[in-house]
Every structure is written in C-alpha cells, then in structure tokens.
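Student: Here it is, the structure, as structure tokens.
The values are calculated or read from the model by the stated rules, or taken from the named source; none is laboratory data. Quick caveat, the model's predicted, so the values are computed rather than measured. Don't worry about glycine lacking a Cβ; one is built from the backbone with ideal geometry, like all the others, and counts go over all protein chains shown. To get the accessible areas, we keep the full protein, side chains included, count just its heavy atoms, and leave off ligands, DNA and RNA. Shrake-Rupley method; radii C 1.70, N 1.55, O 1.52, S 1.80 Å.
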Amino acid sequence: MGIRALTLLDAGLIAFTLIAIALIVLVALRPGLTAARGGKVLAFIALFISPVVATWIGTTNHLEHSKTTSFCLSCHEMEPYGRSLRIADGDYLPGGHFQNNRVPREQACYTCHTTYTMFGDVQAKMQGMQHVFVHYLGSIPENLELYRPYSNRECLHCHEGARSFEEMEDHVDVRPELASGDTSCLECHDTVHDVASLDELEMWEGKTE
Amino acid sequence: MTAESLYKRLQLSGVLVAAGLIVEVVTLYWGHPLAFLAFILLGGTLVAAGMLLYLYSIVSH
C-alpha cells in the first residue's frame, strides 16, 4: 500500500476537513445548540456546507492525481510501458517525447492517452475505471492494446501549427490526409512502446519525474 | 417531530458525515488506484447519507 507525497493543497484540504469534523462533533455532542439561530447556522455549515466543499475539493484532488505518471505506473501491468519511456533512441515516440520534455514528465501517459475533446477527461477517467475493473475482476490480456485506433487529433493537438511539423518536407504533401485522419501519424512514426524488446535496448538513466 | 428525535437524527447525521470525511482524508494519503473508488463509493456515500438525513430532519421538524 503506497503512501502519497502530500502537496500544500492536500495539507490545506486535510486541515479544512479536520476543522469540519471538529464542528460536526460539537453539533453532535451538543445538539441543543441548534435551538438558537446561531446554532442552526453552525449545524448547516458543519453538516452541509463543509462536507460538500471537502468532497468537491477531494474529488478534484483525486482526479488531478490520477493524471500523474506515477499513478499510471502504480499498476504493475504498466511497468514495462513506464520503462519504455527511458529507451535511449529518439525514434521511439514515447521515449523521445518523455526525455525531451515534449510532454510534461509528471503527466506523460495522460498527455498522449487522453482524447482532446469536450469530454476527453471524463472518457479517460471512465477508461481508468474500466482498467480497475479488469484488473480485479476480469482477465488481463497478455498483449495490451488500445481500445480504439490512436487518433491523429491527439498528435495534432500539440504539433499542428508548430514550425518543426508544418515545414517538414515529409508532412507537407500529406497534411490534408493527416488532418482528416485518412493517413495515420503512426503509419510513419510506427515505433511506439515496443515493450517486447526492452531488455535489448539501451536505456536513458536521467531523471524520470 | 419532537426536539429530542431531531437531536438524535442530527447526531446520527453527524456520525455519518464525520465517518465519511475521515474515509475521504485517509484516501488522500493512499497512493493506490483504489483510493479514488474508496473516496467516492465509501466516503462519498457516507457523507451524502449524512447530509440527506440532516436535510430531511430539518425540513420535517
């Protein structure tokens, strides 16, 4: 069972929750206080306002934490995919992005494996729930695969408009096909997580997060 | 509803909300994928049950 490193926000939330619990204990031990107007307000703050606020901030906190690379790699099925971020060959897409800060290292998995649509975050969380379900109650496939083909939209979210992308000779002719999705980025950039070859590849020893 | 039964319900709702908040705080320390599920399914349910009992108590008093 891992213990999370707490941020200042976590500490603030915990302090707020402990104060809320203290108010609740006060109301529960002396319910007669609620006979007066001030006691009614106190009970409303203790039993309604503060739990709503604590639960709302806590939910946001958990959702933010679930975007971190360390969270994704906390499942042992993901361990080889985490190692593939350290392959010392720029042709390997995940390693090239991770090691060169093309994606934030602390949110490396999430940055590429979320969908950049209105409900992309929600969709990613629902898939995370599905992973938890399969991990505990289903059977884990030997070869992990994406639920659906990787969309160019996720690549173009960052690369579209970038000079290195727009002016590259190989991209110029196929830009309409890339934009429409008729040609996948992965048709050329096809070296991705290659977890089967990890033991044969040189690894980058720099910092990870 | 008498004041006595209102106070009992307030105490019960206080116990439920406090238990839920304690669960929520504990899950903040827990760096495991199940932490969020425990937070929302256990902590959230206890908090929601306590709040609903509190609201029901004051509107039915």
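Student: Out of the residues in the range A:81-97 that are open to solvent by less than 40 Å² (accessible area, probe 1.4 Å) and touching a Leu at 6+ places or on another chain (Cβ under 6 Å), which is farthest from A:LYS207 (Cα to Cα)?
Tutor: Among those that are open to solvent by less than 40 Å² (accessible area, probe 1.4 Å) and touching a Leu at 6+ places or on another chain (Cβ under 6 Å), it is A:PRO94.
Student: If you take the residues of the range A:103-155 that are away from chain B (no Cβ under 14 Å) and among the basic types (Lys, Arg), which of them is surrounded by the fewest Cβ atoms within 10 Å (Cβ to Cβ)?
Tutor: Taking the candidates together, the pick is A:ARG148.
Student: Here's something else I'd like to know. Do you know which residues across the range B:8-31 are open to solvent by less than 50 Å² (accessible area, probe 1.4 Å) and not small (Gly, Ala, Ser)?
Tutor: B:LEU10, B:LEU16, B:VAL17, B:LEU21, B:VAL23, B:GLU24, B:VAL25, B:THR27, B:LEU28
Student: Out of the range A:1-31, which residues are under 14 Å from B:TYR7 (Cβ atoms) and either in contact with a Ser or Thr (Cβ under 6 Å, 6 or more places away or on another chain) or more than 7 Å from every other protein chain (Cβ to nearest Cβ) (or both)?
Tutor: Passing the criteria: A:LEU26, A:LEU29, A:ARG30.
Student: Is it true that some residue in the range B:27-43 is among the polar types (S, T, N, Q), more than 7 Å from chain A (Cβ to nearest Cβ) and out of contact with any Gly (no Cβ under 7 Å at 6 or more places or on another chain)?
Tutor: no
Student: All but one of (1) assigned to a helix (DSSP H, G or I); (2) surrounded by 14 or more Cβ atoms within 10 Å (Cβ to Cβ) hold for A:SER197, so report the exception by its number.
Tutor: (2)
Student: Conditions: (1) in contact with a Phe, Trp or Tyr (Cβ under 9 Å, 6 or more places away or on another chain); (2) open to solvent by 30 Å² or more (accessible area, probe 1.4 Å); (3) without any contact (Cβ under 8 Å) to a residue 40 or more places away in the chain. A:ASN100 meets all but one. Number of the miss?
Tutor: For A:ASN100, the exception is condition (1).
Student: Give all pairs with beta carbons closer than 7 Å in which a residue from the range B:34-57 that is closer than 22 Å to A:VAL132 by Cβ meets a residue that is acidic (Asp, Glu) and surrounded by 16 or more Cβ atoms within 10 Å (Cβ to Cβ); count only pairs at least 6 apart in sequence or on separate chains.
Tutor: Pairs found: B:PHE39/B:GLU24; B:GLY43/B:GLU24.
Student: Also, I was wondering about something else. State which residue is nearest to A:ARG4 (Cα to Cα) when the search covers only the range B:1-14 and only residues that are of a type outside the set (Ser, Thr, Tyr) and in contact with a Leu (Cβ under 9 Å, 6 or more places away or on another chain).
Tutor: B:GLY14
Student: Return yes or no: is B:VAL47 in contact with a Gly (Cβ under 6 Å, 6 or more places away or on another chain) and closer than 14 Å to A:ALA46 by Cβ?
Tutor: For B:VAL47, the condition - in contact with a Gly (Cβ under 6 Å, 6 or more places away or on another chain) and closer than 14 Å to A:ALA46 by Cβ - is met.
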